[in-house]
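Asks: This is the structure I have questions about; it appears just below.
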Amino acid sequence: MNTSVRNTGRVLGAGLRALLLLTVVCGVLYPLAVTGVAQAAFPHQAGGSEIKSGGRVVGSSLIGQTYLTEDGEPDLRWFQPRPSNGLGTNSVNTQYTLILSGATNLSGDNPALVKQVKDARAAVVADNSTATYKVRASDVPPDAVTSSGSGLDPHISPDYANLQVHRVAERNHLPVARVRELVDAHTDGRALGFMGEPGVNVLELNVALRESTTGE
């Protein structure tokens, strides 16, 4: 009996020592080491890929934002992102109307999705047509009327960005050529030259647009 108790005590003691050691190594030392290396080698990415404008953080280049008026309507002075028809409203980050990252999960022939796409296309045509530039329904690219798989995509296609150029130029009293230059300057190519599609980061583009209009 005493031998059995001693053996049990040794096993428990060894288990507790292993638990303590692994907790220190895996729960303290390893996270600190990884964090230290990340902060030293990739400080921008480790800090959340923050974007600053006017001396303050305005968002992350990894997460999309909406640009709305006080009435909740799209603020047409700015380039608009993809629709964010995801999993519902968000009471924490009101810049994007999602509770969680995710898509609508609606099938392609779902009447609700069809209506969303048609309504979004009509809004894109109406919002981006100006006195000198008319948008046709056939001009509207898919990403202008559908949300991404995550619902938080910070990028839009160059086609959608260029479709908005005339409206943004008119609203901000800028030459169309100047706004198009901003789009070109903020168009990212394919990863490693062959993966994915070119994209335009909407937040970065709007920060550059703001700096162009305010001189900051």
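Every number in this text was worked out from the coordinates using simple rules, so none of it is lab data. Since we're looking at a predicted model, the values are computed, not measured. Cβ atoms come from the backbone with ideal geometry, glycine included; neighbour counts cover every protein chain shown.
Asks: Report D for the chain in µm² per second (integer): Stokes-Einstein, Kirkwood Rh on Cα pairs, 4 °C, 1.567 mPa s.
Replies: Taking Rh from Cα pairs, D becomes 63 µm²/s.
Asks: Now for a separate question. For K134, go through the aspartates and glutamates and keep the ones whose alpha-carbon is under 17 Å away, minus same-chain ones fewer than eight residues off.
Replies: D159, E170
Asks: So for region 138-216, taking the charge dipole from beta-carbon charges (+1 Lys/Arg, -1 Asp/Glu), which of L205, H173, A191 sits furthest toward the positive end?
Replies: With unit charges placed on the Cβ atoms, the residue in question is H173.
Asks: Just add up the charged neighbours of A120: K/R +1, D/E -1, any other residue whose Cβ is under 13 Å from the Cβ of A120.
Replies: Local net charge: +1.
Asks: Report the relative contact order of the chain, percent, no decimals, based on alpha-carbon pairs under 8 angstrom and at least 6 residues apart.
Replies: For the chain, the relative contact order is 18 percent.
Asks: Rounded to the nearest 10 degrees, what's the angle between the helix 30-41 long axis and the longest principal axis of the chain, both from Cα atoms, 0 to 90?
Replies: 40
Asks: Ok, one more. Take the chain, mark every one of the trypsin sites (Lys or Arg not before Pro) that falls in a DSSP loop and has at most 15 other Cβ within 10 Å, then report the longest stretch left between them, sites excluded.
Replies: 1-133
Asks: Please give the helix 2-24 orientation as an angle from the longest Cα principal axis of the chain, in degrees from 0 to 90, rounded to the nearest 10.
Replies: 30
Asks: To the nearest 10 degrees, how steep is helix 111-128 against the longest Cα principal axis of the chain, on a 0 to 90 scale?
Replies: Approximately 50 degrees, to the nearest ten.
Asks: Count the net charge of all other residues whose Cβ sits under 11 Å from the Cβ of W78, scoring Lys and Arg as +1 and Asp and Glu as -1.
Replies: Spelling it out: positives minus negatives among the neighbours equals +3.
Asks: Mind telling me which of V135, V37, V124 comes out most flexible in a GNM of the chain, alpha-carbon contacts under 10 Å?
Replies: V37
Asks: Compute the longest continuous run of the chain that contains no exposed chymotrypsin sites (Phe, Trp or Tyr not before Pro); treat a site as exposed when its DSSP state is not H, G, I, E or B and it has at most 16 other Cβ atoms within 10 Å.
Replies: 1-66
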